[in-house]
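Here the structure comes first, spelled out in structure tokens, and everything after it is commentary.
Read-outs throughout are calculated quantities, based only on the coordinates presented, and are distinct from any laboratory measurement. What you see is a predicted model, and the numbers here were worked out from it, not measured in a lab. In this analysis, Cβ positions are derived from the backbone assuming ideal geometry, glycine residues included, and neighbour counts consider all displayed protein chains.
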Amino acid sequence: MTAIGLTQVQARNGGFASDVSAISRRALRSVLRDPESVIPGFIIPLFFFTVNTGALQNFVEAGGTLDYKAFQLPVAIIMAVTGPLSRALTLVEDVRSGYFDRLVMTPVRRLALLMGMMVADIALVIALSVPVLILGYAVGVRFETGVTGVVAFVALAAYWGLGFAGFSYAIALKTASAAAVSSSFMVFLPMMFLTPMFLPLEAMTGWMATVAQYNPVTYLLGSLRSIITVGWEIDEILKGLLSVSVVVIVSMTMALLALKGRVSRQ
């Protein structure tokens, strides 16, 4: 017997972009199924912005020209986009359940497994930035750089959020421990509080001023604040961009090495 007209059918390779899109859509659906995981990301920055400006605004602005609400808005944004809000905990669940192993056995590109979740993180960061910006506008904060400045402000904050998320993904892939991933937020606390968070850098003294000068978050805050109150101060913006880029390079290198190590075990 002979087969007539039979052709071999193979699955079509959708490409890297298609793989990233599929992984990111699944990660975003996990947010919708578990909304309580991102509620702190909405509440905490709004709470800190309200408390800090309410408690310190009159004191800091006395005898000066500092707009303390505009000064504190970047702090609220950074708190909104940093921490255990990445999809790293979802990645831990995938590793522990064996779902990650099954993905590795498919034609999906290995890098897409990580990049897809990071794309979802960027979307989440933008969503978390919106209520903070609305509150800032409601209390009178205006951007000297206009609408374009708002976009640049959110983009720089998202860049930082992505960079910090790299550490969470590295821990998730290395340890497959939800507790370890959640504890990664502890790294952020000294990075946040050892900065000109409450006062300008020139008003800080002693060892805290020294530490703040070497803290990348200091220059991120400076860039975000200049976008709001000064305008397109290129030197200041580049300092923030460069400092965040250093963090991104370190964290992404760690995450990629952890991904390589996890895949090699399969």
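Given (i) 1.17; (ii) 1.27; (iii) 0.97, which label gives Cα Rg over 2.2 N^0.38 Å as computed from the coordinates?
(i)
Where does each of Arg87, Arg109 land when they are ranked from fewest to most other beta-carbon atoms within 10 angstrom? Before the final figure, lay out the partial values.
On the way: Arg87 29, Arg109 18.
Result, fewest neighbours first: Arg109, Arg87.
Once Lys and Arg get +1 and Asp and Glu get -1 on their Cβ, which of Leu111, Leu201, Ser183 lies farthest toward the positive end of the dipole of the chain?
Working it through, the farthest residue towards the positive pole turns out to be Leu111.
Taking one equal scatterer on every alpha-carbon of the stretch 151-216, how large is log10 of I(q)/I(0) by Debye at q = 0.21 1/Å?
Cα-only, vacuum Debye calculation for the stretch 151-216: -0.93.
At 222 nm, what helix-only mean residue ellipticity would the chain give, in deg cm²/dmol to the nearest 500, using -39500 (n - 2.57) for each DSSP H run of four or more?
Working: 12 runs with 198 residues, N = 266.
For the chain, the value works out to -25000 deg cm²/dmol.
Within the chain, which whole H helices from DSSP have a Cα span along their axis of at least 30 Å and a mean Kyte-Doolittle hydropathy of 1.6 or more, if any? Display every interim value, and only then the final one.
Details: long enough: 39-61 (31 Å, 1.13); 110-138 (44 Å, 2.04); 146-175 (44 Å, 1.40); 234-264 (43 Å, 1.45).
Span-like helices in the chain: 110-138.
Can you give me the relative contact order of the chain as a percent, contacts being Cα pairs under 8 Å and 6 or more apart?
Numbers: 314 pairs, mean separation 62.7, N = 266.
Reported relative contact order: 24 percent.
Please sort 163-172, 188-197 by packing, taking for each peptide the average over its residues of neighbouring beta carbons within 10 angstrom, highest first. Can you show the working numbers first?
On the way: 163-172: 25.8, 188-197: 17.2.
Ranked from most to least packed, the peptides come out as 163-172, 188-197.
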